[in-house]
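Quick one: the structure is below, questions incoming.
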Amino acid sequence: MNTGFAGSVKWKAWNRQKHKCACCGAELRTFAGEEQTFFVHPIIPLEEKNDITNENCVILCAISPNNCHLRAGHRGDEKSKPCGISMEELPYFRG
């Protein structure tokens, strides 16, 4: 999925969250060749507000048991467009 966020913005979000899922706090890891364990996601959908800054960029886990990307980012419907996420749903936004 092309999120519209530049690599530098994604990196800033990664560091801001201290490598944790912004929703559940799960430790996020990157391993080459393995299933993607997280997704970069806009807090306010880009269709509503074309905000491609660090403050609208959030990283969510994409694996069980929580799969916050699906649960919070798409309200449980994997075929839906990204939806808005409230800051109350992002207690680990700052790590």
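Using θ = phi - 60° and the Karplus curve 6.51 cos²θ - 1.76 cosθ + 1.60, what whole-Hz ³J(HN,Hα) does each residue of region 85-95 get, with Gly and Pro shown as x?
Along region 85-95, the couplings run 10, 7, 5, 5, 7, 10, x, 9, 4, 9, x Hz.
Separate question: Once you place label points 7 Å from the Cα toward the Cβ at GLU47 and ARG75, how far apart are they in nm?
For GLU47 paired with ARG75, the spin-label model returns 1.2 nm.
Going by a ≥ b ≥ c, the root eigenvalues of the Cα gyration tensor, does region 7-89 fall in the rounded group (a/c under 1.5), the prolate group (a/b larger than b/c) or the oblate group?
oblate
By how many nm would the segment from SER86 to SER8 lengthen if fully extended, with 0.36 nm per residue of separation less the alpha-carbon distance? Spell out each step's value before the answer.
Values: separation 78, 0.36 × 78 = 28.08 nm, distance 2.35 nm.
Value of the extension gain: 25.7 nm.
Search the structure for amide H atoms under 5 Å from the amide H of PHE38, placed 1.01 Å from N in the peptide plane, and list their residues when 5 or more places away or on another chain.
Residues meeting the amide H criterion: ALA62.
Another one. Which is farthest toward the positive dipole end of the chain among SER86, ALA26, HIS74, measuring Cα position about the Cα centre, with Cβ charges +1 (Lys, Arg) and -1 (Asp, Glu)?
Among SER86, ALA26, HIS74, the one farthest towards the positive end of the dipole of the chain is ALA26.
Now for a different question. What three numbers, in Å, describe the spread of the alpha carbons of region 48-95 along their principal axes, ordered from the longest?
Between the extreme Cα coordinates on each principal axis of region 48-95 lie 28, 25, 16 Å.
Here is a further query. Quick check: net charge around ILE44, other residues with Cβ under 12 Å of its Cβ, Lys/Arg +1 and Asp/Glu -1?
On the way: positive: LYS49; negative: GLU47, GLU48, ASP51, GLU55.
That sum, taken over residues with Cβ under 12 Å, equals -3.
Which is the longest part of the chain that has none of the GluC sites (Glu not before Pro) sitting in a DSSP loop with at most 12 other Cβ atoms within 10 Å? Show your work: numbers first, answer last.
Details: sites that count: GLU34, GLU35, GLU47, GLU48, GLU78.
Longest site-free region, per DSSP loop and neighbour criteria: 1-33.
Taking amide H atoms as placed 1.01 Å from N in the peptide plane, list the residues 5 or more away in sequence, or in a different chain, whose amide H sits under 5 Å from that of CYS57.
Counting only residues 5 or more places away or on other chains, the set is ILE43.
Identify the trypsin sites (Lys or Arg not before Pro) of region 1-88 meeting these criteria: DSSP loop state and at most 11 other C-beta atoms within 10 Å of the C-beta. The partial results should precede the final answer.
On the way: sites: LYS10, LYS12, ARG16, LYS18, LYS20, ARG29, LYS49, ARG71, ARG75, LYS79; in loops: LYS18, ARG29, LYS49, ARG75, LYS79.
The qualifying sites are ARG29, LYS79.
Among HIS69, HIS19, rank each residue by its count of other Cβ atoms within 10 Å, from fewest to most, as a rough exposure measure.
On the way: HIS69 25, HIS19 15.
With the sparsest Cβ surroundings first, the list reads HIS19, HIS69.
All of the numbers you see were taken from the coordinates with simple rules; none came from a lab. Just so we're clear, the structure is a prediction, and the values are computed from it rather than from any experiment. Counting neighbours? That spans all protein chains shown, and the Cβs are built from the backbone with ideal geometry, glycine included.
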